[in-house]
1. With (1) within 30 Å of residue 117 (Cα to Cα); (2) of a type in the set (A, V, I, L, M); (3) in a strand (DSSP E or B) as the list, and residue 20 as the residue in question, which single condition is left unmet?
2. I'd like to check something: does the range 29-45 contain any residue that is of a type in the set (Lys, Arg) and buried (at least 19 other Cβ atoms within 10 Å of the Cβ)?
3. Report, ordered by the first and then the second residue, all pairs with beta carbons closer than 6 Å, sequence separation of six or more or different chains, a first member in the range 1-23 that is acidic (Asp, Glu), and a second member that is surrounded by 14 or more Cβ atoms within 10 Å (Cβ to Cβ) and not in a helix (DSSP H, G or I).
4. Looking only at residues that are charged (D, E, K, R) and exposed (fewer than 10 other Cβ atoms within 10 Å of the Cβ) in the range 64-86, which one is modelled with the lowest pLDDT?
5. Could you tell me whether residue 35 is more than 13 Å from the chain's Cα centre (by Cα) and modelled with pLDDT of 95 or more?
6. Residues of the range 87-130 being under 22 Å from the mean Cα position of the chain (by Cα), at pLDDT 90 or above and small (Gly, Ala, Ser), which ones?
7. Which one of the conditions (1) of a type in the set (Phe, Trp, Tyr); (2) surrounded by fewer than 17 Cβ atoms within 10 Å (Cβ to Cβ); (3) touching a Leu at 6+ places or on another chain (Cβ under 8 Å) does residue 102 fail to meet, given that it meets all the rest?
8. Counting only residues that are part of a loop (DSSP other than H, G, I, E, B) and touching a residue at least 60 places away in the same chain (Cβ under 8 Å), how many does the range 77-98 have?
Amino acid sequence: MTEFTAELRYTRVSPQKARLVLDLIKGRRVEDALNTLAFTKKGIAPAIHKLLRSALENANYLSNERGLDVDVDNLYVKRAVANEGPRMKRIRPAPMGRAYHYQRRMAHIIIAIEEKQRANGASAEVVGEEEPTAPAKTKGKTAGKKPAAKK
């Protein structure tokens, strides 16, 4: 299946901070991811929201250009990556004529979206909010577990 990407380069945010927001949207449907980004209070969230909308528009444009039948409702965030960009070296004045060196970090952010497919080839809904099932409880002692030692 075709994936559609959008890239934001030389963003003035550290990659670590960008990854905090990108981890919120990985694997989610595009509609859910846009809603999540709209209500996230991190400073980079509006830029990532704009980038995700750009990836969605790339999907619309390229599907029309190539004659693909892409269902926008079944798109999900396949990849969301924040890579290290160049660093700007800066100097801050310090006491007694010294200087403190520090670095301003930048990030290159890449988002890829793709249409979710069923096993038989038809489109399917993305299942992301399912609760994991609890393992069945066994009666009696579990194998390999030692009894608690007496003091």
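The values are calculated or read from the model by the stated rules, or taken from the named source; none is laboratory data. Given the structure is predicted, the values throughout are model-derived calculations rather than measurements. Neighbour counts run over all protein chains shown; Cβ positions are idealised from the backbone, glycine included.
1. Looking at each condition in turn, residue 20 falls short on (3).
2. We begin by selecting, within the range 29-45, every residue of a type in the set (Lys, Arg); these are 29, 41-42.
The next check asks that each one be buried (at least 19 other Cβ atoms within 10 Å of the Cβ); those that pass are 29.
Yes - at least one qualifying residue is present in the range 29-45.
3. Between residues of the range 1-23 that are acidic (Asp, Glu) and residues that are surrounded by 14 or more Cβ atoms within 10 Å (Cβ to Cβ) and not in a helix (DSSP H, G or I), the close pairs are 3/78; 3/112; 3/114; 7/110.
4. First, the residues of the range 64-86 that are charged (D, E, K, R): 65-66, 69, 71, 73, 78-79, 84.
Pick out the ones that are also exposed (fewer than 10 other Cβ atoms within 10 Å of the Cβ) and you get 65-66, 69.
Working: 65: 90, 66: 89, 69: 86.
Top of the filtered list is 69.
5. When the stated conditions are applied, residue 35 passes them.
6. Once the filter is applied, which keeps residues that are under 22 Å from the mean Cα position of the chain (by Cα), at pLDDT 90 or above and small (Gly, Ala, Ser), the range 87-130 yields 107, 112.
7. Residue 102 satisfies all of (1) of a type in the set (Phe, Trp, Tyr); (2) surrounded by fewer than 17 Cβ atoms within 10 Å (Cβ to Cβ); (3) touching a Leu at 6+ places or on another chain (Cβ under 8 Å) except (3).
8. 2
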